[in-house]
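Just below is one structure, and these are the notes that go with it.
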Amino acid sequence: MSTPEARLVDAAVSGGVGLSQIERVTDIFSAPSKTFTDIKRGNKSWWMPFILVSIVGYILFAAVTQKIGMQQVMDNQIRLDPKTEERMAQLPAEQRDMQMKISLKVTQGIFLATPLLVLLIGAVSALVLWPTINFVFGGKATFGSIFAVWMYAGLPSIVKTLLGTLVIYAGAAPESFNIKNFAPTNLGAFMNPLETNKALYSLATSLDLVTIWTLVVMGIGVAIVAGVKRSSGYTAVFGWWAITILVSVGWAAIMG
(Lines give C-alpha, C1' and ligand atoms only; values in the text may rest on other atoms or scores of the structure.)
Protein backbone atom coordinates (compact mmCIF):
# COMPACT_ATOMS: atom_id res chain seq x y z
CA MET A 1 0.00 0.00 0.00
CA SER A 2 1.48 3.34 -0.99
CA THR A 3 1.91 6.10 1.56
CA PRO A 4 0.21 9.53 1.28
CA GLU A 5 3.64 11.02 0.58
CA ALA A 6 4.27 8.55 -2.23
CA ARG A 7 0.84 9.26 -3.74
CA LEU A 8 1.58 12.99 -3.79
CA VAL A 9 4.85 12.34 -5.60
CA ASP A 10 3.12 10.02 -8.07
CA ALA A 11 0.57 12.72 -8.79
CA ALA A 12 3.34 15.18 -9.51
CA VAL A 13 5.09 12.65 -11.72
CA SER A 14 2.02 11.96 -13.82
CA GLY A 15 1.92 15.50 -15.13
CA GLY A 16 3.86 18.72 -15.35
CA VAL A 17 6.77 19.91 -17.42
CA GLY A 18 10.22 18.45 -16.82
CA LEU A 19 12.93 20.60 -15.26
CA SER A 20 15.99 21.87 -17.09
CA GLN A 21 19.42 20.75 -15.97
CA ILE A 22 20.07 24.15 -14.37
CA GLU A 23 16.76 23.99 -12.50
CA ARG A 24 17.62 20.54 -11.19
CA VAL A 25 20.97 21.76 -9.91
CA THR A 26 19.60 24.86 -8.19
CA ASP A 27 16.66 22.94 -6.72
CA ILE A 28 19.08 20.57 -4.95
CA PHE A 29 20.04 23.52 -2.74
CA SER A 30 16.53 24.95 -2.31
CA ALA A 31 13.88 22.31 -3.06
CA PRO A 32 15.53 18.91 -3.63
CA SER A 33 12.19 17.09 -3.86
CA LYS A 34 11.53 18.85 -7.19
CA THR A 35 14.74 17.48 -8.68
CA PHE A 36 14.08 13.94 -7.50
CA THR A 37 10.44 14.04 -8.60
CA ASP A 38 11.73 14.99 -12.06
CA ILE A 39 14.05 11.99 -11.98
CA LYS A 40 11.17 9.73 -10.98
CA ARG A 41 9.26 11.18 -13.94
CA GLY A 42 11.90 9.54 -16.13
CA ASN A 43 14.38 12.38 -16.69
CA LYS A 44 17.47 10.52 -15.47
CA SER A 45 20.17 12.60 -17.17
CA TRP A 46 23.05 13.18 -14.74
CA TRP A 47 25.72 14.91 -16.86
CA MET A 48 25.34 18.39 -15.32
CA PRO A 49 26.25 17.47 -11.71
CA PHE A 50 28.97 15.16 -13.05
CA ILE A 51 30.58 18.04 -14.97
CA LEU A 52 30.24 20.49 -12.06
CA VAL A 53 31.80 18.13 -9.50
CA SER A 54 34.64 17.29 -11.90
CA ILE A 55 35.41 20.96 -12.68
CA VAL A 56 35.43 21.95 -9.01
CA GLY A 57 37.69 18.99 -8.28
CA TYR A 58 40.19 20.28 -10.83
CA ILE A 59 39.98 23.76 -9.29
CA LEU A 60 41.07 22.26 -5.96
CA PHE A 61 43.85 20.36 -7.75
CA ALA A 62 45.10 23.63 -9.28
CA ALA A 63 45.07 25.34 -5.88
CA VAL A 64 46.97 22.48 -4.24
CA THR A 65 49.53 22.41 -7.05
CA GLN A 66 50.04 26.19 -7.02
CA LYS A 67 50.01 26.99 -3.31
CA ILE A 68 50.99 23.76 -1.54
CA GLY A 69 52.91 21.66 -4.04
CA MET A 70 52.38 17.97 -4.59
CA GLN A 71 55.73 17.09 -3.05
CA GLN A 72 54.72 18.94 0.13
CA VAL A 73 51.41 17.07 0.12
CA MET A 74 53.29 13.77 0.04
CA ASP A 75 55.75 14.86 2.74
CA ASN A 76 52.83 15.86 4.99
CA GLN A 77 51.04 12.53 4.54
CA ILE A 78 54.17 10.60 5.45
CA ARG A 79 54.74 12.80 8.51
CA LEU A 80 51.14 12.25 9.64
CA ASP A 81 51.66 8.48 9.56
CA PRO A 82 54.54 7.64 11.94
CA LYS A 83 54.64 3.99 10.82
CA THR A 84 55.08 4.96 7.18
CA GLU A 85 57.61 7.62 8.14
CA GLU A 86 59.63 5.05 10.08
CA ARG A 87 59.45 2.53 7.23
CA MET A 88 60.58 5.13 4.68
CA ALA A 89 63.45 6.24 6.92
CA GLN A 90 64.77 2.66 7.02
CA LEU A 91 64.92 2.34 3.24
CA PRO A 92 68.14 3.02 1.31
CA ALA A 93 68.16 6.50 -0.21
CA GLU A 94 67.66 5.19 -3.75
CA GLN A 95 64.63 3.08 -2.80
CA ARG A 96 63.18 5.90 -0.73
CA ASP A 97 63.41 8.29 -3.67
CA MET A 98 61.77 5.73 -5.93
CA GLN A 99 58.91 5.20 -3.42
CA MET A 100 58.38 8.95 -3.19
CA LYS A 101 58.24 9.32 -6.97
CA ILE A 102 55.71 6.51 -7.26
CA SER A 103 53.56 7.95 -4.47
CA LEU A 104 53.72 11.38 -6.09
CA LYS A 105 52.57 10.01 -9.44
CA VAL A 106 49.74 8.05 -7.79
CA THR A 107 48.51 11.15 -5.92
CA GLN A 108 48.59 13.24 -9.10
CA GLY A 109 46.85 10.44 -10.98
CA ILE A 110 44.03 10.31 -8.42
CA PHE A 111 43.40 14.04 -8.88
CA LEU A 112 43.51 13.78 -12.68
CA ALA A 113 41.17 10.78 -12.62
CA THR A 114 38.52 12.67 -10.62
CA PRO A 115 35.77 12.21 -13.26
CA LEU A 116 36.38 8.46 -13.47
CA LEU A 117 36.39 8.14 -9.68
CA VAL A 118 33.11 10.06 -9.44
CA LEU A 119 31.52 7.61 -11.89
CA LEU A 120 33.00 4.55 -10.17
CA ILE A 121 31.99 5.57 -6.65
CA GLY A 122 28.56 6.58 -7.89
CA ALA A 123 28.03 3.23 -9.62
CA VAL A 124 29.12 1.24 -6.56
CA SER A 125 26.97 3.34 -4.21
CA ALA A 126 23.93 2.99 -6.47
CA LEU A 127 24.55 -0.74 -6.74
CA VAL A 128 24.37 -0.97 -2.94
CA LEU A 129 21.38 1.35 -2.39
CA TRP A 130 19.31 -0.05 -5.26
CA PRO A 131 18.64 -3.52 -3.77
CA THR A 132 18.54 -2.07 -0.24
CA ILE A 133 15.66 0.29 -0.92
CA ASN A 134 13.81 -2.21 -3.13
CA PHE A 135 14.14 -5.51 -1.29
CA VAL A 136 14.42 -4.28 2.29
CA PHE A 137 11.96 -1.38 2.14
CA GLY A 138 9.68 -2.47 -0.71
CA GLY A 139 10.66 0.24 -3.17
CA LYS A 140 10.36 0.26 -6.94
CA ALA A 141 13.46 2.21 -7.96
CA THR A 142 15.61 1.42 -11.00
CA PHE A 143 19.39 1.42 -10.94
CA GLY A 144 19.42 4.41 -13.30
CA SER A 145 17.21 6.49 -11.05
CA ILE A 146 19.29 5.71 -7.95
CA PHE A 147 22.48 6.57 -9.87
CA ALA A 148 20.98 9.92 -10.97
CA VAL A 149 19.92 10.61 -7.37
CA TRP A 150 23.46 9.92 -6.18
CA MET A 151 24.91 12.31 -8.76
CA TYR A 152 22.60 15.18 -7.84
CA ALA A 153 22.75 14.50 -4.10
CA GLY A 154 26.52 14.82 -4.32
CA LEU A 155 26.33 18.48 -5.38
CA PRO A 156 26.73 19.83 -1.80
CA SER A 157 30.28 18.42 -1.94
CA ILE A 158 31.05 21.36 -4.22
CA VAL A 159 30.63 23.64 -1.21
CA LYS A 160 33.28 21.73 0.74
CA THR A 161 35.69 21.63 -2.22
CA LEU A 162 35.34 25.36 -2.89
CA LEU A 163 35.74 26.11 0.83
CA GLY A 164 38.93 24.05 0.88
CA THR A 165 40.18 25.93 -2.19
CA LEU A 166 39.41 29.26 -0.49
CA VAL A 167 41.30 28.18 2.63
CA ILE A 168 44.34 27.31 0.51
CA TYR A 169 44.36 30.64 -1.32
CA ALA A 170 43.72 32.47 1.96
CA GLY A 171 47.15 31.36 3.11
CA ALA A 172 46.96 27.87 4.61
CA ALA A 173 50.40 26.79 5.84
CA PRO A 174 51.76 24.25 3.30
CA GLU A 175 53.53 22.21 6.00
CA SER A 176 50.28 21.62 7.92
CA PHE A 177 48.02 20.94 4.92
CA ASN A 178 46.20 17.59 5.09
CA ILE A 179 44.85 16.47 1.73
CA LYS A 180 42.60 13.92 3.45
CA ASN A 181 40.85 16.65 5.43
CA PHE A 182 41.29 19.86 3.47
CA ALA A 183 38.25 21.89 4.62
CA PRO A 184 37.09 22.94 8.12
CA THR A 185 33.71 21.17 7.91
CA ASN A 186 34.27 18.61 10.67
CA LEU A 187 35.81 18.47 14.15
CA GLY A 188 38.79 16.50 12.85
CA ALA A 189 39.93 19.58 10.92
CA PHE A 190 40.60 21.29 14.26
CA MET A 191 42.51 18.38 15.80
CA ASN A 192 46.16 17.44 15.53
CA PRO A 193 46.26 14.00 13.86
CA LEU A 194 49.56 13.20 15.56
CA GLU A 195 48.30 14.00 19.06
CA THR A 196 44.78 12.55 18.77
CA ASN A 197 43.77 8.92 19.13
CA LYS A 198 43.45 7.55 15.59
CA ALA A 199 39.99 6.07 16.14
CA LEU A 200 38.72 9.32 17.66
CA TYR A 201 40.25 11.34 14.84
CA SER A 202 38.64 9.07 12.25
CA LEU A 203 35.24 9.46 13.94
CA ALA A 204 35.61 13.25 14.24
CA THR A 205 36.55 13.51 10.58
CA SER A 206 33.64 11.31 9.48
CA LEU A 207 31.07 13.49 11.25
CA ASP A 208 31.28 16.08 8.50
CA LEU A 209 28.59 18.73 8.05
CA VAL A 210 28.66 18.61 4.25
CA THR A 211 28.60 14.83 4.27
CA ILE A 212 25.53 14.84 6.52
CA TRP A 213 23.88 17.43 4.27
CA THR A 214 24.57 15.18 1.27
CA LEU A 215 23.17 12.13 3.03
CA VAL A 216 19.96 13.94 4.01
CA VAL A 217 19.42 15.02 0.39
CA MET A 218 20.22 11.52 -0.84
CA GLY A 219 17.75 10.00 1.61
CA ILE A 220 15.03 12.27 0.23
CA GLY A 221 15.92 11.32 -3.34
CA VAL A 222 16.08 7.59 -2.75
CA ALA A 223 12.69 7.65 -1.02
CA ILE A 224 11.04 9.61 -3.84
CA VAL A 225 12.31 7.55 -6.79
CA ALA A 226 11.55 4.31 -4.92
CA GLY A 227 8.08 5.43 -3.86
CA VAL A 228 8.61 4.73 -0.15
CA LYS A 229 8.42 6.70 3.08
CA ARG A 230 11.09 9.32 3.54
CA SER A 231 12.10 7.61 6.78
CA SER A 232 12.92 4.50 4.75
CA GLY A 233 15.19 6.50 2.47
CA TYR A 234 16.98 8.00 5.46
CA THR A 235 17.36 4.59 7.10
CA ALA A 236 18.85 3.04 3.95
CA VAL A 237 21.31 5.88 3.33
CA PHE A 238 22.36 6.59 6.92
CA GLY A 239 22.47 2.89 7.71
CA TRP A 240 25.16 2.23 5.11
CA TRP A 241 26.98 5.40 6.17
CA ALA A 242 27.02 4.20 9.79
CA ILE A 243 28.45 0.84 8.70
CA THR A 244 31.16 2.63 6.73
CA ILE A 245 32.07 4.77 9.75
CA LEU A 246 32.24 1.75 12.05
CA VAL A 247 34.59 -0.02 9.65
CA SER A 248 36.74 3.09 9.25
CA VAL A 249 36.96 3.77 12.99
CA GLY A 250 37.60 0.10 13.72
CA TRP A 251 40.41 -0.04 11.18
CA ALA A 252 41.94 3.15 12.61
CA ALA A 253 41.81 1.63 16.09
CA ILE A 254 43.54 -1.54 14.87
CA MET A 255 46.23 0.36 12.96
CA GLY A 256 46.72 2.84 15.78
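The values are calculated or read from the model by the stated rules, or taken from the named source; none is laboratory data. The structure displayed is predicted, hence computed values, not measured ones. Neighbour counts run over all protein chains shown; Cβ positions are idealised from the backbone, glycine included.
The residues of region 22-33 that are in a helix (DSSP H, G or I) and closer than 19 Å to VAL222 by Cβ, listed by number, are ARG24, VAL25, ASP27, ILE28, PHE29, PRO32, SER33. If you go through region 34-61 and keep only what is of a type outside the set (S, T, N, Q), within 21 Å of LEU120 (Cβ to Cβ) and not in a helix (DSSP H, G or I), you end up with LYS44, TRP46.
Taking region 69-121 as the range and being outside any helix (DSSP H, G or I) and more than 28 Å from TRP46 (Cβ to Cβ) as the test, the residues that pass are GLY69, LEU80, ASP81, LEU91, PRO92.
Considering region 126-178, and only residues there that are hydrophobic (A, V, I, L, M, F, W, C) and assigned to a loop (DSSP other than H, G, I, E, B), the residue that is farthest from SER231 (Cα to Cα) turns out to be ALA173. Of the set (1) among the aliphatic types (A, V, I, L, M); (2) assigned to a helix (DSSP H, G or I); (3) modelled with pLDDT under 95, all apply to LEU19 but (2).
Being among the basic types (Lys, Arg) and either more than 27 Å from PRO49 (Cβ to Cβ) or within 18 Å of the chain's Cα centre (by Cα) (or both) is a property that LYS229 lacks. The set of residues from region 183-195 being of a type outside the set (A, V, I, L, M, F, W, C) and either part of a loop (DSSP other than H, G, I, E, B) or surrounded by fewer than 16 Cβ atoms within 10 Å (Cβ to Cβ) (or both) comprises PRO184, THR185, ASN192, PRO193, GLU195.
Residues satisfying the criterion are present in region 66-75 (criterion: touching a Pro at 6+ places or on another chain (Cβ under 8 Å), among the polar types (S, T, N, Q) and touching a residue at least 12 places away in the same chain (Cβ under 8 Å)). Contact map, region 165-182: first residue over 11 Å from LEU60 (Cβ atoms) and among the basic types (Lys, Arg), second residue at pLDDT below 95 and in a helix (DSSP H, G or I), Cβ cut-off under 7 Å, separation 6 or more or different chains; the map is empty.
Filtered by the rule that a residue be over 14 Å from VAL249 (Cα atoms) and either surrounded by fewer than 17 Cβ atoms within 10 Å (Cβ to Cβ) or of a type in the set (S, T, N, Q) (or both), region 196-211 gives LEU209, THR211. Number of residues in region 131-146 that are crowded, with 21+ Cβ neighbours inside 10 Å and of a type in the set (A, V, I, L, M, F, W, C) equals 3. Name every residue in region 100-120 that is surrounded by fewer than 16 Cβ atoms within 10 Å (Cβ to Cβ) and out of contact with any Phe, Trp or Tyr (no Cβ under 9 Å at 6 or more places or on another chain), in order of residue number. LYS101, ILE102, LEU104, LYS105, VAL106, GLY109, ILE110, ALA113, LEU116, LEU117, LEU120 - these are the residues of region 100-120 that are surrounded by fewer than 16 Cβ atoms within 10 Å (Cβ to Cβ) and out of contact with any Phe, Trp or Tyr (no Cβ under 9 Å at 6 or more places or on another chain). Filtering region 196-236 to residues that are in contact with a Phe, Trp or Tyr (Cβ under 9 Å, 6 or more places away or on another chain), outside any helix (DSSP H, G or I) and farther than 15 Å from VAL149 by Cα leaves only LYS229.
Residue pairs whose Cβ atoms lie under 8 Å apart, separated by 6 or more positions or on different chains, with the first residue in region 40-56 and over 17 Å from PHE29 (Cβ atoms) and the second in a loop (DSSP other than H, G, I, E, B) and among the hydrophobic types (A, V, I, L, M, F, W, C), are ASN43/LEU19.
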